[in-house]
1. At R0 = 25 Å, how high is the FRET efficiency between Q193 and R163 if r is their beta carbon distance? Nearest 0.05 is fine.
2. For region 61-188, rounded, prolate or oblate, judged on the Cα gyration tensor with a ≥ b ≥ c (square roots of eigenvalues), a/c < 1.5 rounded, else prolate if a/b > b/c?
3. Taking only the Cα atoms of region 95-156, how large is their convex hull per residue, in Å³?
4. Under a point spin-label approximation (7 Å from Cα along Cα-to-Cβ), what is the R177-A225 distance to one decimal in nm?
5. Roughly how many whole Å is it from the C-alpha centroid of region 74-104 to that of region 127-194?
Amino acid sequence: MHEAFQFLGNFWWLIFVFGGTIGGALKGVAVANERRIERRQERFRLKQETKVAIAQANAQHHADEETQRRELAKAIEQHDAVDARWFSYELDPVTLLDTPMMTDMREPLTADFHRAKYRADLLRPGNPETMIGNQQAQTEYREAVHAYSIAFEIAEAEAKRRRRSGFTLDEQERLVRAQRLLRLAMDDGATPQERQSAYRKAHKELDGLLVLPDRARAEIEQKIARAIGA
C-alpha cells in the first residue's frame, strides 16, 4: 500500500494524462449498472403486467362462459315453453279438433311449424356444457328455437282464426262427431267396451280428414288398455 502511494506521489502528473480516460471508464461502468437495473425493473414490470393480463383473461373467459350458459339456458327455456304449448294440442285430441289445422300438413304454415320444430329438436344439446365455447353451435340453436317459436305463433294464430272453416259442412259435422266420440273414449266413467267402440268410431269419422298425433293416439289407447285390465 505504501508503495502505491509512493508511486502516485512520484507520478501524480499521470492523473492529468489518464484522468479523462479513467473518468470515462468509471462513467461507463455507472451507466452500465443503471442499464442493468433498468432492465431488471423492466423485466419485473413485464412479469407483473403478464400476470395481471393472464388474471384478467381468465376472469373474462369465466365471465364469457357464464354468459354463454345463461343464453343457452334462455334458449332451452324458450324451447320447452313452445313444446309445452304444442303438447297441449298433441296430448288433447278433443282440443286439437277445435283447431284441426295444427296437424294438417297440407297447410304451408303448419308444415313450416313442424319443420322448425324438427330443426330445433335436432340442434338442441343433450348436455348444454358441450356447447360452451362453440359459438356457431350456440347461434344455430338459438336461431332455430326463435324460428320454431315464431312459426308456432303464426300457425296457432291462423288455426284459431280459421277453426274448422277450411272444411266442408259435412266434414265439420264429422269432426264434431269425432270430438264427441273421443271425449267418450277418454271418459273414465264409461265402460271399457264403450270406450273401445267410441275410439274405433272416432277413427272412422277422422279417416281422410285428420291424422291424430302419435302421442295422442298412444295416450287414448293406454287409457283404454288400463280400463280393460282393471
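Nothing in this text is a laboratory measurement; each read-out follows from the coordinates by a stated rule. Remember, predicted model here, so these are calculated numbers, not experimental data. Heads up, the Cβs are rebuilt from the backbone with ideal geometry, glycines too, and the neighbour counts pull from every protein chain shown.
1. 0.15
2. prolate
3. 81
4. About 2.9 nm, to one decimal.
5. For region 74-104 versus region 127-194, the Cα centre distance is 3 Å.
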